[in-house]
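Worksheet: one structure, shown below.
The values are calculated or read from the model by the stated rules, or taken from the named source; none is laboratory data. In this text, all values refer to a predicted model and were calculated from it rather than measured experimentally. Positions of Cβ are backbone-derived with ideal geometry, glycine not excepted, and every protein chain shown enters the neighbour counts.
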Number of protein chains: 2
Amino acid sequence: MRASIVTIGDEILIGQIVDTNSVSIARHLNAAGIVVHEKISIGDDREQIVDTLRRALAASQAVIVTGGLGPTKDDITKKTLAEMFGSRLVEDSAVAAHVRRMLESRGIAFNELNRSQALVPEGCTVLFNAHGTAPGMWFEQEGRVVVSLPGVPFEMEHLMQDEVMPRLKARFALKGIVHRTLITSGLAESMLAERIEAWETALPPYLKLAYLPNPGAVRLRLSAYEVEGESVAQEIERQFEKLRAIIPEYIVGFETATVQELVHNTLIERGLSLATAESCTGGVIASRFTAMPGASAYFRCGVVSYSNEAKADVLGVDPATIAQYGAVSEQVARQMAEGVRRIAGADCAVATTGIAGPTGGSDEKPVGTVWIAVATPAGTIAERKVCGTDRGQIIDRAASYAISMLRETLLQNS
Amino acid sequence: MRASIVTIGDEILIGQIVDTNSVSIARHLNAAGIVVHEKISIGDDREQIVDTLRRALAASQAVIVTGGLGPTKDDITKKTLAEMFGSRLVEDSAVAAHVRRMLESRGIAFNELNRSQALVPEGCTVLFNAHGTAPGMWFEQEGRVVVSLPGVPFEMEHLMQDEVMPRLKARFALKGIVHRTLITSGLAESMLAERIEAWETALPPYLKLAYLPNPGAVRLRLSAYEVEGESVAQEIERQFEKLRAIIPEYIVGFETATVQELVHNTLIERGLSLATAESCTGGVIASRFTAMPGASAYFRCGVVSYSNEAKADVLGVDPATIAQYGAVSEQVARQMAEGVRRIAGADCAVATTGIAGPTGGSDEKPVGTVWIAVATPAGTIAERKVCGTDRGQIIDRAASYAISMLRETLLQNS
């Protein structure tokens, strides 16, 4: 079964927001075995909404729509859907009572605009939105389904999980989709492809291979669409086992999974604690770990020591070292890692110091230069990485390299 | 002039990556006055690529395509474009020399796969990619343009900026697009809309109003498409001035701009320094500030004091206070803010302590409860916020609330 995703909102087309809703919806659909045919983002425009939905309905059995359900005049999705399906808008008393309760608890007046949130196209199935004022709506026509969800990510997410997915599973006979990703490290994409060419050529035709290069890693994804039973998942396992015989030294793990998730799991399994000392990465390493539920089991303390004074006063970096080698140096990275490990009483620590730019670079240390150190009971190691030329990219890559380095160190000391 | 954006890659449709390329491309196009008609994401599938490009070319004068240009077999965009435009692939010697140099410097063998990166469809204009091995390609047909760019965000970004935008500006007669956003705080979306209804109704028809609700703020965006000269920008200013007479107490600023950018500018203007102490937000506040070029002018130090020991040992929070009131309490938030302000020698500090979940909540302090404190020379204030029920949402909202609170404090003390 195929589905299309349509996200509505001028803010997407002008680049004012990043569309994460469609990512989350795609994951839900894939997990249930529904193939996402395409994702389309369009503006708050009546004609474009109608055209796009008609076309999407011709290509897919289900279309999931988000956005355009707010109480203000710029949001027109509900009105347009009602017109498309030839329905008039009627008040849903359950939604009206919920909206009133919700607003009262937040001290907001129940006015004409909020009241309009309780209007729904007659004949659609109302999907109750416990977390917001705009209900979800489920339309059926000639065996095909259109679902309209609010654009607030959190409200969309709950409706998708609690209302839409159970209904899709009940309404359609779904097959399975299997994605499994293996992480390699140490071979460039083209060299890896050359090494595994014979394996790739011999893959069964229903398995689709994708190369996903990242800083420090190339991931290989095997996918099978619309399959039944467990045999395909087992075949993927067998194929990955064959690969292990070909490039044993380059396979670092499997994922759903980010490198920080692998480290997260390793730290919890081994009962080790972690501290971070970040200069150029500015808290990104700490935030990647603490974004994961359960991080409090091992994450002790992170220090974003942006100034030289903070490096010295908080982490105990020797000011003479900074004066002699500069803040971006192997010596300072090492002292930062060891310093935060000590003050946090942690087993492991990782530190970054670098030049994120756009200013601050020199011939010897251009923008993008980052020193990374990892301190563990086995000692401290440090490495210099060149992380690009763009501030956002440098921060992101340096954080990724640092977490990969921590991961390798943990593997070596296991 | 209209453009469509097409991003190609199975990884987008299965939700394995967030498509940020299309956001960046949309910003570039808007800034140059090009209306983005739609964004479409499709898989690495020959037929779908051809169908989508044909349709996009019918709707827009230019189509910007990213993805599918890697050296491995799963990437088929270049081959498909060559077929579509009836060209054969020929080696570009400049690209070949560049790829060889680039790989040699990274110690990667120049093999058959890399060599194929230098093949381009005959007749297209090659856009030199200084940062990667896949060149950009510019095709023209019947007065319409298709541009193919690599999917690596950093390579795409440079090609878009240095090659694509100058050519689009030279090739098409572009008008202007004006977006201007005003930030309000303190009125819920529906109450705000009610208060400014007469103003909204009286807007000139060529100005499009959008409401953009966020935690702690509702932004109002006025947009005008395909306009010429300065008069529209001036009209938007006049309209915002009228609004200032209607809701003076709720307007907090203007943006392109996030609240952290406003704080960033204020701190730099006033020569004030900042420190952060984060528990539940785990480094997100520090990373939002340090993501901005120039943050080193004011950002002294951030501490992610996840454990109680870190709160006590690093920030000097009194363990007795933690024992009496709990780590998530007004008292601990205040001591965290004051502690980090002291150890960093900063003028201002902001602190968060809360329950990000999914576990750790209680009846009295459910998941989502966050205490935020702001310490300045004028004293310390603290506020309790309920930030939702989902870990990611709680972290994001708590960070936003904290930065908004810092902003309000700075305004009151100005």
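For the reader, a short list of remarks on this structure follows.
- Test set (1) more than 22 Å from B:Ala94 (Cβ to Cβ); (2) free of Cβ contacts under 8 Å to residues at least 24 places away in the same chain; (3) aliphatic (A, V, I, L, M) - B:Ile196 fails condition number: (2)
- Hits in the range B:102-112 (condition: over 32 Å from the mean Cα position of the chain (by Cα) and surrounded by 11 or more Cβ atoms within 10 Å (Cβ to Cβ)): B:Glu104, B:Ile108, B:Ala109, B:Phe110, B:Asn111, B:Glu112
- Counting only helices (runs of 4 or more DSSP H) that sit wholly inside the range A:287-362, those with at least 3 residues that are away from every other protein chain (no Cβ under 11 Å) are A:319-325, A:330-344.
- Count - residues of the range B:389-404 that are under 14 Å from B:Ala356 (Cα atoms) and at pLDDT 90 or above: 3
- Restricting the first member to the range B:51-73 and to residues that are of a type in the set (Ser, Thr, Tyr), and the second to residues that are assigned to a loop (DSSP other than H, G, I, E, B), the beta-carbon pairs closer than 6 Å and six or more apart or on different chains are B:Thr66/B:Gly151.
Table: residues versus (1) of a type in the set (A, V, I, L, M); (2) buried (at least 23 other Cβ atoms within 10 Å of the Cβ); (3) out of contact with any Asp or Glu (no Cβ under 7 Å at 6 or more places or on another chain).
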site	(1), (2), (3)
A:Arg342	no, no, yes
A:Gly354	no, yes, yes
A:Gly361	no, no, yes
A:Trp371	no, yes, no
A:Glu383	no, no, yes
A:Leu406	yes, yes, yes
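- Tally of residues being of a type in the set (S, T, N, Q), farther than 10 Å from B:Leu207 by Cα and either at pLDDT 85 or above or buried (at least 21 other Cβ atoms within 10 Å of the Cβ) (or both) across the range B:217-233: 0
- Scanning the range B:130-144 for residues that are farther than 19 Å from B:Met102 by Cα and out of contact with any Lys or Arg (no Cβ under 9 Å at 6 or more places or on another chain) returns B:Phe139, B:Gln141, B:Glu142, B:Gly143, B:Arg144.
- Of residues in the range B:251-272 being crowded, with 20+ Cβ neighbours inside 10 Å and touching a residue at least 40 places away in the same chain (Cβ under 8 Å), the one farthest from B:Val340 (Cα to Cα): B:Val252
- Here A:Ala349 clears all of (1) under 19 Å from B:Leu274 (Cβ atoms); (2) of a type outside the set (Asp, Glu); (3) touching a Lys or Arg at 6+ places or on another chain (Cβ under 7 Å) except the condition numbered (1).
- The residues of the range A:20-43 that are within 22 Å of B:Val63 (Cβ to Cβ) and more than 7 Å from every other protein chain (Cβ to nearest Cβ), listed by number, are A:Ser22, A:His37, A:Gly43.
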